Amino acid sequence: MISAQTNSATGEAVQAATHERIHKLKLSDAKLKPIADKVLGGERLSAADGIALYRSRDLLAVGWLANHVRERRHGDVCYYNVNRHINPTNVCVAHCRLCAFGRDPDAPGAYTYALEEIWQRAEQGVRAGATEFHLVGGLHPDLPFEYFLDVIRGLKQRCPGVHLKAFTMVEVGYFSRIAKLGIRDTLLAIREAGVDSLPGGGAEIFNPRVRKVICDHKTSGRQWLEIARTAHEIGLRSNATMLYGHIETEEERVEHLILLRELQDETHGFVAFIPLAFHPANTALAHIPDPTGYDDLRTIAVSRLLLDNFDHIKAYWVMMTPRLAQIALRFGANDLDGTIVEEKIYHDAGAKTAEYTSRTELERLIRAAGRTPVERDTLYRPVIRTVPVLDLPPAPASGFVPTTTLTLEA
Ligand code: V47
């Protein structure tokens with residue numbers, strides 16, 4: 001057992017950093033020692049360090065280091081938000097093997113909401129205190145770009161105070177093709193319509209070997225990064241994700257993280273990073289085993305350690321389960337995401353978690369993990385509520401059933 005106390009430099013740093021902590025750093029994996037020195041000294045980690053962290057079996061030491069960085073940035077604060085996911089359509093031409101959400105237009109369960117349905121869902125969200133709408137959907141073969149601009153314009157008009165986090169880099173790439181516009185002009189058009197920022201989905205694993213298997217017809221990793229760069233250049237901030245736990249290697253995960261870190265050095269446009277574990281049920285990759293808690297925790301921790309220029313790491317409770325997301329708050333995460341209300345992407349892929357949680361429950365989870373809850377908006381500004389939000393049951397479906405009522409002009 002190597003204790004950090006055996007090295008005076010590391011020992012002092014640990015003492016200074018942990019004077020109020022319960023546990024001192026204990027390393028049972030000697031390979032972590034130089035990495036621990038770098039982390040405690042505030043030095044950037046290399047790709048090789050990332051791989052060593054992934055390969056280490058000393059999960060508690062990796063978690064300790066990630067928690068150290070997390071507390072250096074955020075102390076005990078853990079953020080959450082009151083949001084509502086809206087997926088305008090699940091009809092999608094991409095047929096990604098990783099996905100259980102997308103459908104052919106005539107497949108059972110295919111739906112496309114009429115504009116009014118989207119707006120009604122949003123107004124219900126406002127009544128429940130939402131500060132953010134998270135809008136993502138399939139790559140529909142027949143819906144024109146104008147439909148999506150109308151969705152956004154209508155939301156902005158009806159709910160001007162709510163932040164619109166809408167359309168992944170993949171959707172932006174698709175809109176640019178169907179509208180025959182360049183990426184920059186497509187982004188300018190959605191910004192003009194009212195989009196405030198972009199979610200982080202569609203990044204998967206950037207490496208082409210992996211993409212060829214899990215999402216071969218989709219925007220390439222290089223294009224995803226280029227669209228994110230352009231979004232940031234015109235002042236639209238975005239999140240970033242990594243889908244792990246399928247066919248990728250640890251090297252490919254680390255490469256993905258380093259590519260995000262390099263882009264963040266250039267643009268500073270990423271707000272938060274969200275590691276997403278692959279859920280195989282109902283996908284073409286259903287033979288892949290379910291994610292494990294061990295992998296979830298080490299991925300949160302390695303992300304926190306490698307992404308030294310990202311402010312926020314989310315433990316997305318829907319993906320991780322609320323119980324593990326709570327533990328992740330001691331492994332590098334500083335955000336649980338939001339109330340969500342309606343989640344289809346993970347639930348179509350067999351997620352057993354609820355689709356909705358309340359503000360009270362998020363606060364309870366955070367407090368029970370020994371952290372201090374802070375409600376935030378999408379850009380992590382604290383939300384001060386002058387009117388209390390009632391924890392109403394979401395009742396999203398009352399009056400709504402997925403429909404195909406939208407009529408498209410020929
Ligand atoms: O892009 C799809 C992933 C993402 C599956 O930006 C799957 O704040 C697991 O991006 N198993 C959508 N994952 C979710 C997402 C997200 C979630 C929460 C917050 C934010 C944010 C973004 O889910 C997709 C894809 O990477 N996904 N299918 C599946 N079977």
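Structural remarks
- Under 5 Å from the amide H of HIS163 lie the amide H atoms of GLU132, PHE133, each residue being 5 or more positions distant or on a separate chain, with H modelled from the backbone and absent for Pro and chain starts.
- Top of ARG177, ARG237, ARG298 by mean-square fluctuation, Gaussian network on the chain, Cα under 10 Å: ARG177
- Straight-distance crosslink candidates among lysines, where the alpha carbon sits under 24 Å from LYS218 and sequence neighbours closer than 8 are dropped: LYS165, LYS180, LYS344
- In Hz, Karplus ³J(HN,Hα) per residue of region 200-207 (6.51, -1.76, 1.60; θ = phi - 60°; x = Gly, Pro): x, x, x, 6, 6, 10, 5, 4
- Here the 3J(HN,Hα) profile of region 369-381, calculated from phi with Karplus coefficients 6.51, -1.76 and 1.60 at θ = phi - 60°, is 8, x, 10, 9, x, 9, 6, 10, 8, 4, 9, 6, 8 Hz, Gly and Pro shown as x.
- A compact globular protein would have a Cα radius of gyration near 2.2 N^0.38 Å; the ratio found for the chain is 0.98.
- Note that region 322-333 has calculated 3J(HN,Hα) couplings of x, 5, 6, 4, 4, 5, 4, 5, 10, 10, x, 7 Hz, one per residue in order, obtained from phi through the Karplus relation 6.51 cos²θ - 1.76 cosθ + 1.60 (θ = phi - 60°); glycine and proline are x.
- DSSP beta bridge pairing in the chain, given as percent antiparallel to the nearest 5: 15
- From helices alone, the chain scores -12000 deg cm²/dmol at 222 nm; the rule is -39500 (n - 2.57) for each run of n ≥ 4 DSSP H residues, then divide by the residue total.
- Amide H within-cut-off set for VAL374, under 5 Å, with H built and near neighbours excluded: CYS78, TYR79, TYR80
- Centroid-to-centroid, using Cα positions, region 192-223 and region 356-392 are 30 Å apart.
- Computed from point charges on the beta carbon alone (+1 for Lys and Arg, -1 for Asp and Glu), the dipole magnitude for the chain about its Cα centre is near 840 Debye.
Readers should treat all values here as calculations from the given coordinates under stated rules, not as data from a laboratory. Note that the structure is predicted; figures quoted are calculated from it, not measured. As a convention, Cβ positions derive from the backbone with ideal geometry for all residues, glycine included, and neighbour counts pool all protein chains shown.
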